[in-house]
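The values are calculated or read from the model by the stated rules, or taken from the named source; none is laboratory data. Remember, predicted model here, so these are calculated numbers, not experimental data. Cβ: placed from backbone, ideal geometry, glycine included. Neighbour counts: every protein chain shown.
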Amino acid sequence: MPSSDRRSGSGTRTGASTDERAPLIPILARHVRHVEGKATRGRVGPKDRTRFQVIALLMRSERARIKEDPTLGEPARKELLKRIEGIGNILAHTAARDTSLLNLLGEDVTPGLAARQLRREWLEEAGIEVGPEEVEAPSHEAPLVPAELAQRQVVPPSVLARARANPFLAPDLRPREEVRPRGQLLGWDLMDPLYRAFEQGAGGAAASMPLPEPLRPDQFAPPGQHLMPHQARVLEAVRRGHRTFLLADEPGLGKTAQALIAATVADAYPMLAVVPNVVKINWAREVALWTPHRRVTVIHGDGEDMDAFADVFVVNYEILDRHLAWASTLGFRSMVVDEAHFIKNLSSQRSRHVLALAEGIRSRTPGGNPLLMALTGTPLINDVEDFRAIWRFLGWIKGDQPSPALVRKLEEIGLTPADHDFYPAARDAVISMGIVRRRKADVAADLPAKRVVDLPVELDDAVGRSVRRAERALGKRLATRYRALLEARELPATTIDEDLMRRVAHAELEAAGAKGAENVFTMVRRIGQGKASLAADYAGQLARSAGKVVLFAKHIDVMDTAEQVLADAGLATVSIRGEQTAKQRQLAIDAFQKDPAVAVAVCSLTAAGVGLNLHASSNVVLAELSWTAAEQEQAIDRVHRIGQEEPVTAWRILAAHTIDSKIAELIDSKQGLAARALDGSDTEVGSRDSVQLDALVHLLREALGG
């Protein structure tokens, strides 16, 4: 803290005789002995930790004052410095007993409100007048757009159109500032006790708030869709007025659908969704599925093609920095942060941008109560303090203290951090702010035993353009042959002959081995290469949030890329490939099944698709598509087999805007044949042709104009 008088270290001394050279030292000595005694008995509670920090702060400033005080003679200076050194030694010995205290000794540590108040009390006790700079200054928020990013800000054309379309001045909707309750917790530094409350756990109790039962489980779902009961309970809480959620469900339990429908239930549009790049397209797809009455716009690059009149705006973390200016003034009424553990580092630019936007939305929403949802299966990665950024995003803490709303809940406990029973009750208080955590095992009755979830991703611009060019070239080649056959038969060029189209496609398959020619096999392989790093990145996210993952790929180079991406992310993997000996393969399987450190098994679709048992995982990532439904099912069944105790989810990575999505559709249609023939299903059966031939017919039809 700043000092206006070096003689006092903190202010101006008044009423002190010439012999009272350091009245602060006896006060520090008394308190340091107190803290030492507590550490000896192993009971350094939150209040004593604050006392420890203030002793260190004042000891440093007093040492500096004594060294530079020109009125002190050398003998007096040495005597006072010796006493200061004694206090420092006691602090060091105390920290050696409780090493967590070392974090409070850094010169860059910012004292909390309780520490600042205690410091002021001791200075006044020593007869040192505290100057006006000691009074807590009003906080001045940093500008949303830092100066270094000002030149990077973009204004998409449609944002200007939206502004021109509104002829009215925006009303002042700022909420009245909440006043922190002045109860028995006033003066306590509460953040450390709250973290400790979660570190200690709760005797096996899940960290999930009580959720109400909806009147009907399907009352929130759009026509043709069905919500599971665990999803509907969150939406019922929204309907009853809850507005902040740390939704920490395991992957596969429908967090995206809950967040999107919550905006409808709360009438909280427009919505801003900040998401990882790998799921950006999937968010747009989920909006169309779960809230079909709402418009969605996905922001790419500078947002040239963005629709500023949309209801849901989807932007990825990597480009958020250039969209801060307009996003802060558009009038969002809700904000969702997907994979919210991405913002855990408060010093990162990504975290600061997200938190600044959230604070702006809070300040502009009527009543200061917008819908804010943090979605992550892994809110904690390294330390319980990983909660800090998410809690700040949700408004549960402000700066380094709980929000007034949370303090009120803590006051209602009727205890202080000095009481042992405070901690489980404080944990429940935070959970009631909106922590929701369900595992697959918890809602197994709601889930099918096995399901495939498609996850569309955008390929890198260069790769995506290359693939689309190759698709157009192949379609054009097929169309040229088709039109030549029509001409030879003297048929009109506009004739659509399905049988003839199949013949052209069949001939293309027969010639697919010709050197140098782009064909459906080389094109699909190129798509797989483009998806490799994205699929591996998603597998890594799953591994961190849901445990072990099995990733299947068709080609060795895709497996190599995936393993490298996972290794760079610090995740241990095993590999199951065709060239391995039986012993090598079994060692890899055993490591995946039994070693908790092994996070991902990277497997060949052909070499590992049959005969293996990998049920230590309940999540499968299909990085590349198979050409047959049976091969895909065999791969998933490496996990979905006897011994599996959880529902299995297969995440199928699809390259958006390419033939990849059509191939997935064709594979699914082939499953209908087995379902009808063997399982008694009335599923519609698609074409009896191969997936490759049907894919080529699709490209030909596209080239002929649909």
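Just name the residue that is surrounded by the fewest Cβ atoms within 10 Å (Cβ to Cβ) out of those in the stretch 264-292 that are of a type in the set (Ser, Thr, Tyr) and in a loop (DSSP other than H, G, I, E, B). Even if it seems obvious, please write down each step before you answer.
Looking only at the stretch 264-292, we keep the residues that are of a type in the set (Ser, Thr, Tyr), and these are 264, 269, 291.
Within this subset, residues satisfying the condition of being in a loop (DSSP other than H, G, I, E, B) are 269, 291.
Values: Tyr269: 18, Thr291: 20.
Out of the qualifying residues, it is Tyr269.
Restrict the check to the stretch 629-637 and report whether at least one residue is over 17 Å from Leu666 (Cα atoms) and under 27 Å from the mean Cα position of the chain (by Cα). The answer is yes, given that some residue of the stretch 629-637 is over 17 Å from Leu666 (Cα atoms) and under 27 Å from the mean Cα position of the chain (by Cα). Looking at the stretch 99-134 only, could you name the residues that are at pLDDT below 80, under 21 Å from Gly187 (Cβ atoms) and among the acidic types (Asp, Glu)? Glu133, Glu134, listed by residue number. When Gly540, Gly530, Gly578 are checked against the criterion of being more than 16 Å from Ala599 (Cβ to Cβ) and in a helix (DSSP H, G or I), a single residue qualifies: Gly530.
Please enumerate the residues belonging to the stretch 346-358 that are of a type in the set (S, T, N, Q) and surrounded by fewer than 18 Cβ atoms within 10 Å (Cβ to Cβ). Steps first, answer last, please.
Going residue by residue through the stretch 346-358, those that are of a type in the set (S, T, N, Q) are 347-349, 351.
Selection gives Ser347, Ser348, Gln349.
Any idea which residue in the stretch 293-324 is nearest to the chain's Cα centre (by Cα), counting only those that are within 15 Å of Val354 (Cα to Cα) and outside any helix (DSSP H, G or I)? Per the criteria, the residue is Asn316.
Among the residues of the stretch 637-666 satisfying the criterion of being hydroxyl-bearing (Ser, Thr, Tyr) and farther than 18 Å from Ala445 by Cα, which is surrounded by the fewest Cβ atoms within 10 Å (Cβ to Cβ)?
Just the residues of the stretch 637-666 that are hydroxyl-bearing (Ser, Thr, Tyr), to begin with: 649, 658, 661.
Filter once more, so that each one left must be farther than 18 Å from Ala445 by Cα: 658, 661.
Details: Thr658: 23, Ser661: 15.
If we take residues in the stretch 637-666 being hydroxyl-bearing (Ser, Thr, Tyr) and farther than 18 Å from Ala445 by Cα, then Ser661 is surrounded by the fewest Cβ atoms within 10 Å (Cβ to Cβ).
Just to check your reading of the model, which residue among Ala695, Ala664, Ala675 is at pLDDT below 80, assigned by TED's automatic domain parsing to the domain that holds Ala629 and outside any loop (DSSP other than H, G, I, E, B)? Talk me through it step by step, then tell me what you get.
Numbers: Ala695 fails: at pLDDT below 80; Ala664 fails: at pLDDT below 80.
Unique residue meeting the criteria: Ala675.
Please enumerate the residues belonging to the stretch 404-415 that are in contact (Cβ under 8 Å) with a residue 40 or more places away in the chain and touching a Leu at 6+ places or on another chain (Cβ under 9 Å). The answer is Val407, Leu410, Glu411.
In this structure, is Gln184 within 26 Å of the chain's Cα centre (by Cα), surrounded by fewer than 17 Cβ atoms within 10 Å (Cβ to Cβ), at pLDDT 75 or above and of a type in the set (S, T, N, Q)? Please lay out each step first, then the result.
Numbers: within 26 Å of the chain's Cα centre (by Cα): no; surrounded by fewer than 17 Cβ atoms within 10 Å (Cβ to Cβ): yes; at pLDDT 75 or above: yes; of a type in the set (S, T, N, Q): yes.
It is false that Gln184 is within 26 Å of the chain's Cα centre (by Cα), surrounded by fewer than 17 Cβ atoms within 10 Å (Cβ to Cβ), at pLDDT 75 or above and of a type in the set (S, T, N, Q).
In the stretch 11-38, the residues that are part of a helix (DSSP H, G or I) reach residues that are among the acidic types (Asp, Glu) and at pLDDT below 85 with C-beta atoms within less than 7 angstrom, at least six apart or across chains, in these pairs: Ile27/Glu125; Val35/Asp48; Lys38/Asp48. Do we find a residue being at pLDDT below 85 and of a type in the set (Ser, Thr, Tyr) anywhere in the stretch 373-396? Taking every residue of the stretch 373-396 in turn, at least one turns out to be at pLDDT below 85 and of a type in the set (Ser, Thr, Tyr).
Taken as a whole, the structure places Leu72 among residues that are in a loop (DSSP other than H, G, I, E, B), over 26 Å from Gln401 (Cα atoms), out of contact with any Ser or Thr (no Cβ under 8 Å at 6 or more places or on another chain) and among the aliphatic types (A, V, I, L, M). Only a single item in (1) part of a helix (DSSP H, G or I); (2) buried (at least 22 other Cβ atoms within 10 Å of the Cβ); (3) at pLDDT below 90 is not met by Leu406, and it is number (3).
Kindly establish whether Leu509 is surrounded by 10 or more Cβ atoms within 10 Å (Cβ to Cβ), at pLDDT 80 or above and hydrophobic (A, V, I, L, M, F, W, C). Here the answer is no, as Leu509 does not meet what is asked. Inside the stretch 590-625, residues that are at pLDDT 80 or above, buried (at least 16 other Cβ atoms within 10 Å of the Cβ) and in a loop (DSSP other than H, G, I, E, B) make up a count of 9.
Considering Ile361, Ile431, the condition of being buried (at least 17 other Cβ atoms within 10 Å of the Cβ), out of contact with any Leu (no Cβ under 8 Å at 6 or more places or on another chain) and either part of a helix (DSSP H, G or I) or assigned by TED's automatic domain parsing to the domain that holds Phe342 (or both) is satisfied by Ile431 alone.
Whether any residue in the stretch 530-547 is free of Cβ contacts under 8 Å to residues at least 60 places away in the same chain, within 21 Å of Ser661 (Cβ to Cβ) and touching a Ser or Thr at 6+ places or on another chain (Cβ under 8 Å) is what I want to check. Yes, the stretch 530-547 contains at least one residue that is free of Cβ contacts under 8 Å to residues at least 60 places away in the same chain, within 21 Å of Ser661 (Cβ to Cβ) and touching a Ser or Thr at 6+ places or on another chain (Cβ under 8 Å).
With over 25 Å from Pro111 (Cβ atoms), over 17 Å from the mean Cα position of the chain (by Cα) and among the polar types (S, T, N, Q) as the only criterion, which of Ser363, Ser403 stands out? Outline the logic, then answer.
On the way: Ser403 fails: over 25 Å from Pro111 (Cβ atoms).
Every option except Ser363 fails the conditions.
Considering the stretch 239-259, and only residues there that are crowded, with 23+ Cβ neighbours inside 10 Å and not in a loop (DSSP other than H, G, I, E, B), the residue that is modelled with the lowest pLDDT turns out to be Lys255. Selection of first residues in the stretch 248-266 that are under 14 Å from Val279 (Cα atoms) and of second residues that are modelled with pLDDT under 85 and of a type in the set (Gly, Ala, Ser), restricted to Cβ pairs under 7 Å at least 6 apart or on distinct chains, gives the following pairs, ordered by first then second residue: Pro251/Gly377; Pro251/Ser545; Pro251/Ala546. Here Pro229 passes the criteria (1) under 30 Å from Leu253 (Cα atoms); (2) modelled with pLDDT of 80 or more; (3) not assigned by TED's automatic domain parsing to the domain that holds Glu385; (4) not aromatic (Phe, Trp, Tyr) except the one numbered (3). When Val44 is tested against (1) within 47 Å of the chain's Cα centre (by Cα); (2) part of a helix (DSSP H, G or I); (3) within 20 Å of Pro111 (Cβ to Cβ), just one condition goes unmet, and that condition is (2).
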